[in-house]
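Report on the following structure.
None of the figures in this text is laboratory data; all of them are computed from the coordinates on show. Computed from a predicted structure; not experimentally measured. All Cβ positions, glycine included, derive from the backbone under ideal geometry; neighbour counts span all protein chains shown.
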Amino acid sequence: MPNAADRYHCLKLKALGEQMSLALKALDWDSLSGIDTRIRECLEELNRMEPLSAELQACKQSVQQLYGRAIPAYAEACEKIRQVLLTHVDYAEARSAYLRTDLLQGDK
C-alpha cells in the first residue's frame, strides 16, 4: 500500500499531466513552459526519493508519454515559425534587391 507521500506526488504528477494535456491541445506554449518547470521540480523531488513505488513509477511513465506527444508538437510549431521567418527574410531580400536595382538604374 502506497504511503501518503507517494500518493501526494502521484496526484501532483497527475494534475500537472492533465494541465499539460489541456495546454498541449490548445497549443498554449506559454502555459506549457510553466507546467514543464513544475513537472521538472516534481521529478527532481522524486529523484531524491529512493526507491519509487510502483504507483509513482506509473505516474512518472504517464508524464513521460505526455512529453512524447508534446515534443513533436513543439517541433512542428517551431518549424511553422521558422517558415514564417524565412518568408519574411525572402521578402526583405527581394525588396532590397529591387531597391538596389532602382538605385543603379537611377544613376544612369
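Based on the Kirkwood radius over alpha-carbon pairs, what is the Stokes-Einstein translational diffusion coefficient of segment 22-62 at 10 °C with 1.306 mPa s viscosity, in µm²/s?
Approximately 139 µm²/s, per Stokes-Einstein.
Sort by residue number and report every cysteine in the chain with no other cysteine beta carbon within a distance under 4.7 Å.
42, 78
Kindly point out which whole DSSP H helices in the chain project their C-alpha atoms 30 angstrom or further along the helix axis while averaging a Kyte-Doolittle hydropathy of -0.5 or above.
4-26, 54-107
Once you put a point 7 Å from the Cα of residue 92 and another 7 Å from the Cα of residue 74, both along the Cβ direction, what distance in nm separates them?
Computed distance between label sites residue 92 and residue 74 equals 2.6 nm.
Using a Gaussian network for the chain with springs between C-alpha atoms less than 10 Å apart, which of these wobbles most: 24, 85, 66?
85
Grab the DSSP H runs of the chain that are 4 residues or longer, score each as -39,500 (n - 2.57), total them, divide by all residues and round the 222 nm result to the nearest 500 deg cm²/dmol.
-32500 deg cm²/dmol
Please express the shape of the chain as an equivalent ellipsoid: the semi-axes are the square roots of 5 times the eigenvalues of the C-alpha gyration tensor, given largest first in whole angstrom.
Taking √(5λ) for each Cα gyration eigenvalue gives 51, 11, 10 Å.
Along Cα→Cβ, 7 Å out, is where each label goes; now give me the distance between the ones at residue 21 and residue 8 in nm to one decimal.
Here the answer is 2.5 nm between the modelled labels.
Consider a paramagnetic label point 7 Å from the Cα of residue 99 along Cα→Cβ; state which residues of segment 54-93 have an amide N under 11 Å from it.
Residues 92-93 fall inside that zone.
Could you sort 13-22, 27-36 so that the peptide with the highest average Cβ count within 10 Å comes first and the rest follow in order?
Taking the mean over residues of other Cβ atoms within 10 Å, the ranking is 13-22, 27-36.
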